1. Sort through Asp46, Asp14, Asp22 and tell me the only one that's open to solvent by less than 100 Å² (accessible area, probe 1.4 Å) and in contact with an Asp or Glu (Cβ under 9 Å, 6 or more places away or on another chain).
2. Output yes when any residue across the stretch 91-104 is more than 30 Å from Asp7 (Cβ to Cβ), among the acidic types (Asp, Glu), surrounded by 13 or more Cβ atoms within 10 Å (Cβ to Cβ) and at pLDDT below 90, and no when none is.
3. Return yes when Pro281 is touching a strand residue (DSSP E or B) at 6+ places or on another chain (Cβ under 7 Å) and not acidic (Asp, Glu) and no when it is not.
4. Of these, Arg31, Arg71, which one is open to solvent by 100 Å² or more (accessible area, probe 1.4 Å) and either modelled with pLDDT under 90 or within 20 Å of the chain's Cα centre (by Cα) (or both)?
5. For residues that are under 24 Å from Gly218 (Cβ atoms) and among the basic types (Lys, Arg), scanning just the stretch 230-280, find the one that is most open to solvent (accessible area, probe 1.4 Å).
6. Do any residues in the stretch 141-153 that are over 30 Å from Ser37 (Cα atoms) have Cβ atoms under 7 Å from those of residues that are of a type in the set (Gly, Ala, Ser), where the two are at least six apart or on different chains, and which pairs are they?
7. Filter the stretch 105-122 down to residues that are of a type in the set (A, V, I, L, M) and modelled with pLDDT under 90 and give me whichever is nearest to Arg139 (Cα to Cα).
8. Where in the stretch 1-112 are the helices (runs of 4 or more DSSP H), entirely inside, with at least 3 residues that are touching a strand residue (DSSP E or B) at 6+ places or on another chain (Cβ under 8 Å) and polar (S, T, N, Q)?
Amino acid sequence: MQFVMIDEAGRTRDAGPAPYLDFRPLLPDEREAAERSLDAGWLKNDIEKQAMHFAIAELAPAHLRETRERRLAEIDRVESEVKARLKREIAYWDGRAEKLAHREQAGKGGRLNSGNARAYAQTLAARLERRLRQLEEERDMQALPPQVKGAALVLPAALLRPEVAAPHFAEDAAARREIERLAMAEVMAAERALGRQPRDVSAEKVGYDVESLDPKSGHLHFLEVKGRVEGADTIKVTTNEMLVALNAGARFVLAIVAVSAGGFANEPVYVRTPFEGAPAPESSATIFKLERLLPRGTPPRWTP
């Protein structure tokens with residue numbers, strides 16, 4: 001499954017491998033507001049056709065390249081093993097047939113004769129030829145036309161329930177992106193100052209934003225960056241991010257960066273092993289109070 005995201009401006013992009021982890025179903029009292037959104041003019045466009053065009057032009061070729069690289073390596077490995085095993089068996093039965101033939105000429109035939117051994121060697125040779133032909137056919141991979149299996153309308157929670165919108169939440173999308181950019185830049189700089197080699201992987205939707213290599217130990221550190229307007233009191237962590245944190249243990253860091261209204265990013269606060277338990281299985285995200293997380297954090301330069 002692959003996912004295409006289309007916004008109200010008609011912009012189309014790859015939504016990543018699991019965008020639904022950041023979503024939740026409608027609550028009963030939100031349904032009426034959501035149904036009013038279905039009358040939006042942009043939803044009356046041929047969205048399915050737009051998604052198909054994007055999938056054909058962008059997603060399918062990339063998926064085919066990735067699949068081909070992985071499968072060709074697997075096929076090469078299988079071919080090598082098949083050749084080694086069957087050729088060894090063929091050589092054994094050819095040699096056995098020769099020995100049996102000499103015994104038969106000397107009048108010392110047994111239950112197994114040379115004809116049977118030679119026939120079995122020929123059967124193995126035919127099996128090898130057939131298997132190699134099948135593997136060659138598997139190398140010829142073509143992308144099938146993508147199929148649209150379903151669609152969902154994703155609405156901001158603040159649009160449905162404005163009374164619960166966080167008072168310090170950056171309302172403008174451009175402002176939110178700028179806060180995220182400043183926070184990421186600050187964390188990347190902090191990691192470099194620690195002598196590590198950070199890499200931005202936020203677009204890959206892997207459950208963290210920065211993958212940082214410590215060249216001394218060879219260990220990777222995984223950092224989820226949360227940029228928030230200065231004075232905000234909560235952060236949202238997806239279920240995927242929490243599961244990655246629990247699996248990575250001490251090498252996972254929740255990096256919280258407060259950004260002032262003037263665009264100044266404060267020093268990150270690193271919270272190690274931030275979550276005490278697994279998320280609820282039915283949840284897509286969990287809201288955490290910063291007043292509970294920040295006291296457990298340290299400056300980046302402190303190392304466990």
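The values are calculated or read from the model by the stated rules, or taken from the named source; none is laboratory data. Small disclaimer: the values here were computed from a predicted structure and weren't measured. Note that each Cβ is placed from the backbone with ideal geometry, even for glycine, and that neighbours are counted across all protein chains shown. We work out accessible area using only protein heavy atoms, side chains counted, and drop any ligands, DNA or RNA first. Shrake-Rupley method; radii C 1.70, N 1.55, O 1.52, S 1.80 Å.
1. Just one listed residue meets the conditions, Asp14.
2. Scanning the stretch 91-104 turns up at least one residue that is more than 30 Å from Asp7 (Cβ to Cβ), among the acidic types (Asp, Glu), surrounded by 13 or more Cβ atoms within 10 Å (Cβ to Cβ) and at pLDDT below 90.
3. no
4. None of the others qualify; the one that does is Arg31.
5. That would be Arg251.
6. Within 7 Å, the pairs are Ala143/Ala60.
7. Across the stretch 105-122, the extreme among qualifying residues is Leu112.
8. none
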